[in-house]
Each structure stands twice: as structure tokens, then as C-alpha cells.
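Below is one structure, written out as C-alpha cells; the observations come after it.
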Amino acid sequence: MNTGSKSLSLGSIFGPSVEGEAVISTEGFSPRYDLNRWTGEITKPGHKLEGLTITDKILFFPTAKGGVAAGWAFYDILHKGIAPKALVFGKTNPVMVQGAVFAEMTIAAGLSDLPENLFKTGDTVRIDAERKVIELLR
């Protein structure tokens, strides 16, 4: 059931349209330093999502953290079967984009509003890549 009222516009996107459970963070993300790349769990002590598993989720972060290691980290977690469905950043960097493209993972950036103003962790959302929109489904 589409609520029809809550959606975000995207500045840019790569990858297919996806639907899944949203995970909203107000803290940045590094796949190298914040993530256990064997379990898919965020394990950085003190991270606001510590203990949460990213597998098959649509992740929302205000910023990307980290450098060149992010590029291979996405490919690594994809082949271990623990990758998220999509990454959505307020601001990202070329390394994150390159890594997501290499891993054939949907990645988006440039949001019309803060995700936490519209969605909460556990909501089901759809990223419509063609329309560059993220919609709340339920």
C-alpha cells in the first residue's frame, strides 16, 4: 500500500529500482571501519547503528566516510551475500560511487529533504531509479 504522501527526490542515482526495509542513520558510513565484512553487522563502537545488520536493507546516511578501501569493500560484501539493496547518501564521494557501481549496487545521492523527516528505520520504501524518487510504501 503506497501512502502517496511521503517521498524524497534524488539528485543522482545509479542502479536498478529496488524496494525494501529502510535503515535511517544520522551518522556517516564507512564499509571499512564501521562494518564487519563477514557478518554484515555495523560493529563500530558508539555508531548509532551499532549491532544492526545491513543485509538486504536500503541504507540512508548523511555522508560517506572513508577512502579507497570502500571501493573493494562493497564488492567483497556482495560476494559474501551480505550486501544492502541500496545506499542513499546526502553527500557521497567518488570512491563510494565507484565501489557501488563495481558491485552493481544501487547508489543515490542528493536528497530533497532529510530522510529522518519522512521515514523511520523499519519502513518499507521503494527507490524508483527512472523517476529519481524514494517513496514510502508502508
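The values are calculated or read from the model by the stated rules, or taken from the named source; none is laboratory data. For clarity, every value in this text was computed on a predicted model and none was experimentally measured. Virtual Cβ from ideal backbone geometry, glycine too; neighbours counted across all protein chains shown.
Any residue in region 39-49 that is hydrophobic (A, V, I, L, M, F, W, C) and more than 21 Å from N93 (Cβ to Cβ)?
No: region 39-49 contains no residue that is hydrophobic (A, V, I, L, M, F, W, C) and more than 21 Å from N93 (Cβ to Cβ).
Among the residues in region 62-73, are any modelled with pLDDT of 90 or more and assigned to a loop (DSSP other than H, G, I, E, B)?
No, region 62-73 contains no residue that is modelled with pLDDT of 90 or more and assigned to a loop (DSSP other than H, G, I, E, B).
Quick one: how many residues across region 97-111 are buried (at least 22 other Cβ atoms within 10 Å of the Cβ), among the aliphatic types (A, V, I, L, M) and assigned to a helix (DSSP H, G or I)?
Residues in region 97-111 being buried (at least 22 other Cβ atoms within 10 Å of the Cβ), among the aliphatic types (A, V, I, L, M) and assigned to a helix (DSSP H, G or I): 1 in total.
Mind listing just one residue for me: the one in region 80-96 that is out of contact with any Phe, Trp or Tyr (no Cβ under 8 Å at 6 or more places or on another chain) and of a type in the set (K, R) and, of those, modelled with the lowest pLDDT?
Looking at the filtered set, the residue picked out is K91.
Can you tell me which condition P94 does not meet? The list is (1) more than 11 Å from the chain's Cα centre (by Cα); (2) surrounded by fewer than 16 Cβ atoms within 10 Å (Cβ to Cβ); (3) over 19 Å from L10 (Cβ atoms), and all the others hold.
(3)
Among the listed residues I77, I54, which satisfies the condition of being within 23 Å of T124 (Cα to Cα) and at pLDDT 95 or above?
I54
Within region 21-52, track down each residue that is buried (at least 16 other Cβ atoms within 10 Å of the Cβ) and assigned to a strand (DSSP E or B).
A22, V23, I24, F29, L35, E41, I42
All but one of (1) farther than 15 Å from I13 by Cα; (2) assigned to a loop (DSSP other than H, G, I, E, B) hold for E116; which doesn't?
It fails just one condition, (2).
Please enumerate the residues belonging to region 53-72 that are of a type in the set (A, V, I, L, M, F, W, C), closer than 28 Å to E135 by Cα and without any contact (Cβ under 8 Å) to a residue 60 or more places away in the chain.
If the condition is that a residue be of a type in the set (A, V, I, L, M, F, W, C), closer than 28 Å to E135 by Cα and without any contact (Cβ under 8 Å) to a residue 60 or more places away in the chain, then I54, L59, F60, F61, A64, A70 are the ones that fit.
Given the criteria without any contact (Cβ under 8 Å) to a residue 12 or more places away in the chain, under 24 Å from L118 (Cα atoms) and not aliphatic (A, V, I, L, M), does G46 qualify? Before the answer, list the steps.
Working: without any contact (Cβ under 8 Å) to a residue 12 or more places away in the chain: yes; under 24 Å from L118 (Cα atoms): no; not aliphatic (A, V, I, L, M): yes.
Answer is no for this residue.
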